[in-house]
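Down below is the structure, laid out as structure tokens.
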2 protein chains.
Amino acid sequence: MSDGVEWSIHCCTVLAVLPPGEALPAARLAEFHEVPPAYLAKHLQALSSAGIVGSISGPRGGYALARPAAEVTLLDIVLAVDGEETAFRCSEIRQRGPAAQPDPAAYRRPCGIARAMWRAEDAWRRELTATTVADLLAELMATVPTAQLLAGAEWIQQVQINRRTRP
Amino acid sequence: MSDGVEWSIHCCTVLAVLPPGEALPAARLAEFHEVPPAYLAKHLQALSSAGIVGSISGPRGGYALARPAAEVTLLDIVLAVDGEETAFRCSEIRQRGPAAQPDPAAYRRPCGIARAMWRAEDAWRRELTATTVADLLAELMATVPTAQLLAGAEWIQQVQINRRTRP
DNA sequence: GGTTCCGTACTCGGATAGTTGTTGTCCGAGTAATGAGGG
DNA sequence: CCCTCATTACTCGGACAACAACTATCCGAGTACGGAACC
């Protein structure tokens, strides 16, 4: 799985605590997490294409969540960054080799192996769907020490002030 | 996910219907599935290292399941071929950037994002653990037309005869 | 003083190289069956 | 006829290239703000 998934989720939690109407540029998000700015921008583009975040150009622009944090699931982010296709790909090798049947009707039902693998992936997706960015935030509020939460909030606030006073 | 996972699972189901005491060479398994023989051999080595299949050298040698099919789970195969590490890797980026805390004790509890992702992977692994090669075989017996099952059995039997009469 | 227009600086978006992991292949070490030879 | 032994052919195992995907980066298109000029 791409490292960009981790970065993207962290970015979404940061964007979730942004005051409504405000946006945060990709460069600031990269600075906050100490990751390569240009590469993070690439993943944010993917989030934007998927409709998870909205992008605003020009000064005072940046990224912001496109919908409430409670409506952004982890699966949404993972699929946007890593692609929609399943991890297990069935290449139908059962239809090849000496035991193959010429009648295509024999292969109407999906391969049992693929079904088992996809059942596991469904369980994985269900679990990822059950967790939203809002849940992650609530868990942060409950477990992270207040001092650390304040440090993050302070930094974001300072960025907003700098952008307002000296654009 | 590597394509070798699919091949390996198919191979295990074939090995499961082998008469006890017999073995099937990697070349025959590759022939049965029409996959590159040398590359399949590589994955069979992984299965052997993991103790899922046993290998026998020399004439009449080959691969055979190392334990009953009911005790080989899909997770065993997937981990052997794709590696033991989790798909999601937490690089602890929360400990970096301007909001980081100097006190290491603040990061004793795992990152909530990693916990959520690993929870999903646990669900995936649970589902894969619940399915064994024996289950796949039973499902095959119940759904695949008899003619096709016979074709496969015939082929395996013929291979065994050829190996016995003309080694 | 209010309005309009232009310049500017900042943003995102897609097109472009470098590096690691997956895919694919090969040849050598080891082994068990085979057949001949001898007792 | 039975036993011993060298031969032989077959197997696995690990070492060696080619490709693709992930990682990382850059520059151009677009946009909203700021200020200056004009009415």
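Partner shielding of B:2-10 amounts to 4, given as the average count of beta-carbon atoms from other chains within 10 Å of each residue beta-carbon. For B:Asp3, the label point sits 7 Å beyond Cα toward Cβ; its separations from the matching points on the remaining copies run 2.8 nm, from shortest to longest. Using the Karplus relation 6.51 cos²θ - 1.76 cosθ + 1.60 with θ = phi - 60°, the per-residue 3J(HN,Hα) values for segment A:84-99 come to 7, 5, 6, 5, 8, 10, 8, 9, 6, 6, 5, 8, 10, x, x, 8 Hz, with x marking Gly and Pro. For the protein assembly as shown, the convex hull drawn through the C-alpha positions has a volume of 161 cubic angstrom per residue.
Over all pairs of different C-alpha atoms, segment A:1-44 has a mean inverse distance whose reciprocal, the Kirkwood radius, equals 10.6 Å. For the pair B:Ala138 and A:Ala134, label points projected 7 Å from Cα toward Cβ lie 4.2 nm apart. On a per residue basis, the convex hull of the C-alpha atoms belonging to chain A measures out at 147 Å³. Our estimate of slack between B:Tyr39 and B:Gln158, defined as 0.36 nm per intervening residue step minus the Cα-Cα distance, is 40.4 nm. Give the distance, in whole Å, between the Cα centre of segment B:103-167 and the Cα centre of segment A:46-77. Between the Cα centre of segment B:103-167 and that of segment A:46-77, the gap is 38 Å.
Ranking B:Leu149, B:Ala123, B:Ile161 by how far each Cα lies toward the positive end of the dipole of segment B:91-161 (charges on Cβ) leaves B:Ala123 at the top.
What the Cβ-Cβ distance of A:Ala70 and B:Glu84 gives, at R0 = 45 Å and to the nearest 0.05, is a FRET efficiency of 0.80. Rounded if a/c is under 1.5, else prolate if a/b beats b/c, else oblate: with a ≥ b ≥ c from the C-alpha gyration tensor eigenvalues square-rooted, which is segment B:121-167? Oblate is the answer for segment B:121-167, as a/c is 1.5 or above yet b/c matches or exceeds a/b. Around the Cα centre of the protein assembly as shown, unit charges on the Cβ atoms of Lys, Arg, Asp and Glu (plus for the first two, minus for the last two) sum to a dipole of about 260 debye. Farthest towards the positive end of the charge dipole of segment A:1-157, among the residues A:Val133, A:Pro98, A:Ser55, is the Cα of A:Pro98, using unit charges on the Cβ of Lys, Arg, Asp and Glu. Per-residue 3J(HN,Hα) values for segment B:119-131, derived from phi via the Karplus relation 6.51 cos²θ - 1.76 cosθ + 1.60 with θ = phi - 60°, read 4, 5, 5, 4, 4, 4, 5, 4, 5, 5, 5, 6, 10 Hz in sequence order (x marks Gly and Pro). Evaluated with a Cβ-only charge set (Lys, Arg +1; Asp, Glu -1), chain A carries a dipole of roughly 400 debye about its Cα centre, given to the nearest 20. For B:Ser49, the point set 7 Å out from Cα toward Cβ sits 3.5 nm from its twins in the other copies, listed from shortest up.
Calculated [222 nm] ellipticity per residue, helices only, for chain B: -17500 deg cm²/dmol; basis is -39500 (n - 2.57) per DSSP H run with n ≥ 4, divided by all residues, nearest 500.
Sorted shortest first, the separations between the B:Gln101 label point and its copies elsewhere in the assembly read 6.2 nm; each point sits 7 Å from Cα along the Cα-to-Cβ line.
Since every read-out is calculated from the coordinates, none of them should be taken as a lab result. This structure is a prediction, so every number in the text was calculated from the model and none was measured. A quick note on method: Cβ atoms are made from the backbone with ideal geometry, for glycine too, and the neighbour counts reach across all protein chains shown.
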